[in-house]
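Structure first, commentary second.
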Amino acid sequence: MGLSVLQWNYITRREWAQTMKKVNYLLLIFVLLCSMWGQRVEAQSDIQLIYSVEDFNKISNQLNGHYRLMKDLDFKGAEQLPIGTRDKPFIGIFDGNGFSVSNYQLEHNESMTHIGLFAYAKNATFRNLKVMDTQLTIGTDMNLELYGGALLGKGESVTIENIQIDSSVSVSIQPLFKSTVGGIAGEIRGTSLRPSSVLNVSNGGTITGKYEIGGVVGSASYTTIESATNSGQIIGGGSAGGIAGYLFQGKLYNSENEGAIKSVQRGGGVIGYASTVTIENASNGGKISSSGSWGDFGGIVGYMTKSTLADAENFGSFEAKGSSTYVGGLVGEASQDSIIRRGMNRSPIEVQGYVGGIVGSASQLFLEQTYNEGDLSGATGGGIGASITNVTIRDSFNMGKVQARVTAGGIVGYAYQDSKIEKSYNSGYVKAYISGALAGKYGGTMNGAYGLTTSKLIGEGEQVGQVISPTEAVTPETMPLLSPTIWEFPSKSYPTLKGMDKPTGNHQHAIAVKQVDLSKTTYRQYEELDLINGKALLVNNTGKLTSIPLEESMVWQNKVLENAGNQSVSFRILELPGTTQVQVTPRYRAMFMNHQNVQIDVQYVEPGQTAKPTIVPEREGYTLQNWTPEFEPMNKDQIYKPIYTKNRYDVQLMDGEQWLDTVSFSHGERLSSRIQEPSKENHFFSGWYKDSTFSEKIDLSQNVMRPMELYARFIPMPEVTNLNVVSKGGDATVSWDGTAGTTFYHVEVSNDPDFGSFSRYTTTERSYSIYLTPTDTHYIRVKPIRVLDYQEWEGVSNTVTQSPLLRKLDGIQTSDITSTSVKLSWNRQNFDQFYVYRAEDDGVFNQVATVKTPFWTDAKLNYRKDYKYKIVGYLKIDETSGLLSEESEMISIRLKMPYNSSWEVNSISTSSTVVSGRAFAPNGYVEVYKGSQRIGKMTKVVNNSFKVTIPKQPGGTLLTVKLYPHSIYDVSIKKVYVKKTLPAFSVSAPAAMDKVLTGKGKPGATVRVYVGSNPISKAIKIGSNGTFKLPISSQTGGREIQVKMSQSGYLDRTIKTKVLRVFKTFKIGTVKSTHAYVTGTGNRGATVQAYVGKKRIGKPSTVNTKGAYRLTIPKQKPGTVIKVNMTQSGYKTQDKTIKVIK
């Protein structure tokens, strides 16, 4: 550029701009000459000329070529793939030859990470090109890191010269992860042996990204940037700068920014983040904005470490709302042996966090020859630095106003250990909760630190430094440690730094009142201060004097001169204290007050004279009597007060023409204090009125000021009668009779009989439809309301109780529990039908029945399971709708076990008076029922048998015998009929070996023969003649047989008999007509008898033990047939005959 650092220190910004124009003009001539020379020389090295987009796209075929643009290229209508990749970078030379490219459209794919006209370049050169009318907008959900710029995505050891990005260009790359984006290049890298360089470039486009964003380059390392400018808007995420978002191991010279910078974490007018960087001759005029709650933001650098900043100027603005942001006029935050020298901030800064005129926060920083003239505002503020640790500040000054919510200092807001302030001063106004002219809080040392102030130097901490009155002249003698080789002392302002631009004076503010001059200085006591033509001479922060006229608002004390003698009058001029002296001669003040202790007159009386009232204070309802104290010659100020007596008035109370009462009041006494509300039967009292026509109502809160008549107004009370509720389902209609004149009615519904809480409905009709929850009891109250004169009057209300339409179904119980069934019953209430729900073994409830009766028997159950039941009632509303009740309480049952033991009931006849039988049930009971009526008592089973006494029953009666074995067992039932008695029947005892049994019995009955329980014959019916012949199997003599006669509906009859034996010996001896005896042999013990025909002859005889018998008979005629009959128990009777011989 042809300017040394020293020269830069002495030229103004305008001179610098004019110089740069000349330099750029010379450079342009130089470039053109070089171009002409290059055409001659490079033509020999095979330069490839580009006339079209097709020519440009051929660069990808030869990435090491030398290319020269021969005309403006318009890429409109064709998407392009960028030149070069990471694996195959562009390594040639591209010379724009002063032409432009425009409407470049990128053919982007999801895997592309380097974006630009050239995607990737290495050891390449780009020069003499302008990019116009191009919008590169990349947004992707892929988790990629992208690099992009209008010219180059990423470059290694590249040279970029004379590149211009037009304001019609925008680059926006916002992936899911992060992006490094620059107006010219996304990222540029170099090495210590082969660094990159960027020279004479500019950007006017809008650049947007999510990580490191710069107007020229997003991120650069081992790179020198010189003569770079930015006027475009830069929007970034991590670090954003007008020239570079991030610069490492680099250098930046002669660069400036005019564009707006917006970042989340770090933002700088020139560089967002600088590490190990040298920055010289940098300026910013753009706005720096923070969109995050914390971060570092500076006019030149957002954050710098191990870096040097020299010859820098900021005149741009700031916006940072985060409470944890660090904002500095030049640097947001500096650390690790960084240096700032010869820098200035000219702009006001108002933020929410930390703010410093030069640096927001610093540690291990050396700062010299800097100054701030901008007004500062934040949480913690310092004219040079907000918060510093181990920092040296030398040869610096602040003249800006510093205001903070917490801590503020003219040089530093908060200084920690090992910090130093040397050869520096503050002349700016400082205000904060903790504030000092030099530091708010200070923990370091000071040498040659001066505060031009009337307050303390250190807000909190040891009072170090030197106070200099702002009204004194500042000379080298006043500030002896300021070196004349560095500082100069103008006669009409405070010291400034040599070799640097002087403060603009755009932010002057008063810091002290030098003197106050009044045109009048002698007054009488109680005379008001005369400010006409009065002036105040002020000293401002630059040391200059300003004169302003005095105003009434500036007088702080003694505007009225109440004391005699010499007095000091205090002023507050622009919040600065000032005083002047006046002379006051004595006189006395007489003040006259009214009854409200308000002054009504004042007189100024010479000593020894008497005051006289000129005004008679009137007081309504009172009469003035005198003044206190009495009037006497005055030797002091005096206050006079009036003495009054109070008036009284009568108030007449009327009901129409009828007098009610008279009440006496003192003047001003409230009507309500003595007047009570009157009553009248069946009437409301609506208030007191002015007249009997009730044209104007009287407010009893008013005071009585005169005699009055009050008229009571009574209103007939409305009433509600015949209150009735008709409900259908939940819908109900409330109706009533009301009194004429009722305005409207309040219908109030509550579940509380005391109406602790209720719902209110309003109607003008005499009926109202509401919904009443069917399951609740409701109390309905209707209040008549009459509105008169905008006031509501409540009449006599009426209340009715509406019982619940649906009540929870109750009274559920069980009965008749068996091993397979249970009977359920419940209260019917008002339900039309019922739904029965059953659950088995703790399972889910399912509907098992729908019944219309309040009982139901559940059969076919399994006694091995447990059952639970719930009942839901259904109330029919109409043909299409109804209401369901709540579920009843659950009832659980356990079935009884079946009784599987056998038991028997003996047959019952018409003559029976007991029912008997056998059952294995030690603790059981037996009942006998005839139909549903029990006959006899419940009888306990004893010794496995039972007998229940019953009345005789007619034949054919069906009796039910119930056995209750045990509480856990099911009842066991047997059905038996009362049987009739069969008539007696007879049988002929069979003899041994007989095959037929004969007898007589009831016709139609059945007979059968048994030996024990075994039948020995078939069952046959007795014939109509009453006889039977029953074939049997032959039996041995002496065996007992049973002959059973039975018939349905009759008790069986049984005849037991034994099979008769057959005599083995039975003989008759010869009987002659001469014999009077019969002899023979037979069975021992048998009885024999002789017969002739049917006539017994002789006496019977017994067969002796020898088997012989002898019968004595009368002699018989020859030929007579004699029959001998032999009988014996158990034997078949046997007859033998013999004829009598001669």
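Values in this text are rule-based calculations from the coordinates and carry no lab data. Just so it is clear, the model here is predicted, and its values are computed rather than measured. Glycine gets a Cβ as well: all are built from the backbone with ideal geometry, and neighbour counts include every protein chain shown.
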Item checked: Spatially proximal aspartates and glutamates relative to Lys690 (Cα-Cα < 14 Å; intrachain offsets below 8 disregarded) -> Asp655, Glu657, Asp699, Glu709
Next item on the list: Rank these for me by crowding, Glu1040, Glu887, Glu333, going from fewest to most other beta carbons within 10 Å.
Entry: Glu1040, Glu887, Glu333
Notebook entry, point to check: Which of the lysines could a cross-linker span from Lys431 if the Cα-Cα distance has to be under 16 Å and same-chain partners fewer than 8 positions apart are dropped?
Noted result: Lys401, Lys441, Lys456
Item checked: Cα pair distances of the stretch 986-1058 binned at 5 Å [whole percent] -> 4, 18, 31, 27, 14, 6, 1, 0
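Do any of Lys1044/Lys1094; Lys860/Lys980; Lys520/Lys636; Lys975/Lys1021; Lys1021/Lys1067 go past 31 Å between their Cα atoms, and which?
On the way: Lys1044/Lys1094 34 Å; Lys860/Lys980 37 Å; Lys520/Lys636 26 Å; Lys975/Lys1021 27 Å; Lys1021/Lys1067 41 Å.
As for pairs spanning more than 31 Å Cα to Cα, those are Lys1044/Lys1094; Lys860/Lys980; Lys1021/Lys1067.
Taking a ≥ b ≥ c as the square roots of the Cα gyration tensor eigenvalues, with a/c under 1.5 meaning rounded and otherwise prolate when a/b beats b/c, else oblate, which class fits the stretch 139-293? Before the final figure, lay out each step's value.
Numbers: a/c = 1.39, a/b = 1.18, b/c = 1.19.
Rounded is the answer for the stretch 139-293, as its axis ratio a/c remains below 1.5.
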Next item on the list: Could you point to the residue in Leu106, Gln417, Val747 farthest towards the positive end of the chain's charge dipole, with +1 and -1 charges on the Cβ of Lys/Arg and Asp/Glu respectively?
Entry: Val747
Next item on the list: Could I have the simple spin-label model distance between Thr504 and Ser1046, label points 7 Å from Cα toward Cβ, reported in nm to one decimal?
Entry: 13.7 nm
Next item on the list: Assuming R0 = 30 Å, can you tell me the calculated FRET efficiency for the pair Ser553 and Gln596, based on Cβ-Cβ distance, to the nearest 0.05?
Entry: 0.55
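Explain nothing, just the number: relative contact order of the chain, from Cα pairs under 8 Å at least 6 residues apart, as a whole percent. Present the calculation step by step, with values, prior to reporting the outcome.
Values: 3430 pairs, mean separation 31.5, N = 1142.
After rounding, I find 3 percent.
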Check: What percent antiparallel are the DSSP beta bridges of the chain, to the nearest 5?
Finding: 45 percent
Next item on the list: Go through Ala536, Ser197, Leu700 and say which Cα lies farthest out towards the positive end of the charge dipole of the chain; charges sit on Cβ, +1 for Lys and Arg, -1 for Asp and Glu.
Entry: Leu700
Next item on the list: Give, rounded to the nearest 20 debye, the magnitude of the charge dipole that the stretch 53-209 has about its Cα centre when Lys and Arg contribute +1 at Cβ and Asp and Glu contribute -1 at Cβ.
Entry: 480 debye
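Please give the charge dipole size of the chain, origin at the Cα centre, charges +1 on K and R Cβ atoms and -1 on D and E Cβ atoms. Round to the nearest 20 debye.
Working: 123 positive and 100 negative charges, 3990 e Å.
The calculation lands at about 19160 debye.
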Check: Under the Karplus relation 6.51 cos²θ - 1.76 cosθ + 1.60, θ = phi - 60°, what is the ordered set of whole-Hz ³J(HN,Hα) values for the stretch 1130-1142, x standing for Gly and Pro?
Finding: x, 10, 7, 4, 10, 10, 9, 10, 8, 9, 6, 10, 6
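Taking 0.36 nm per residue of sequence separation and subtracting the Cα-Cα distance, how much length would be gained by fully extending the chain between Asp731 and Thr1120, in nm to one decimal?
Working: separation 389, 0.36 × 389 = 140.04 nm, distance 12.13 nm.
Contour length minus Cα-Cα distance gives 127.9 nm.
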Check: Each label point is 7 Å from the Cα along the Cα-to-Cβ direction; what then is the distance between the points at Ser881 and Phe755, in nm?
Finding: 2.9 nm
Check: Which aspartates and glutamates does Lys321 reach when only Cα atoms under 18 Å apart count, and residues fewer than 8 places away in its own chain are ignored?
Finding: Asp296, Glu333, Glu350, Asp375
Notebook entry, point to check: Going by alpha carbons, how many degrees (0 to 90, nearest 10) lie between the helix axis of 13-42 and the longest principal axis of the chain?
Noted result: 80 degrees
Margin query: What distance in nm lies between label points placed 7 Å from Cα along the C-beta direction at Asn944 and Ile1020?
Written below: 4.0 nm
Checklist line | Residues Lys697 and Gln658, FRET efficiency given R0 of 22 Å [Cβ-Cβ distance, rounded to 0.05] | finding: 0.65
Next item on the list: For Ser1129 and Met705, compute 0.36 nm times the residue count separating them, minus their Cα-Cα distance, and round to one decimal in nm.
Entry: 137.6 nm
Note to self: I need the peptides 240-248, 483-491, 274-282 ranked by packing, meaning the mean over residues of other C-beta atoms within 10 angstrom, with the highest value on top.
What the structure shows: 240-248, 274-282, 483-491
Margin query: Report the gain in length on full extension from Ala849 to Asn682: 0.36 nm times residue separation, minus Cα-Cα distance, nm rounded to one decimal.
Written below: 54.1 nm
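If you take the alpha carbon radius of gyration of the chain and divide it by 2.2 N^0.38 Å, what ratio comes out, to two decimals?
Numbers: Rg = 67.8 Å, N = 1142, 2.2 N^0.38 = 31.9 Å.
For the chain, the normalised Cα radius of gyration is 2.12.
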Check: All other residues with a Cβ under 13 Å from the Cβ of Asn635 taken together, and with Lys, Arg as +1 and Asp, Glu as -1, what is their net charge?
Finding: 0
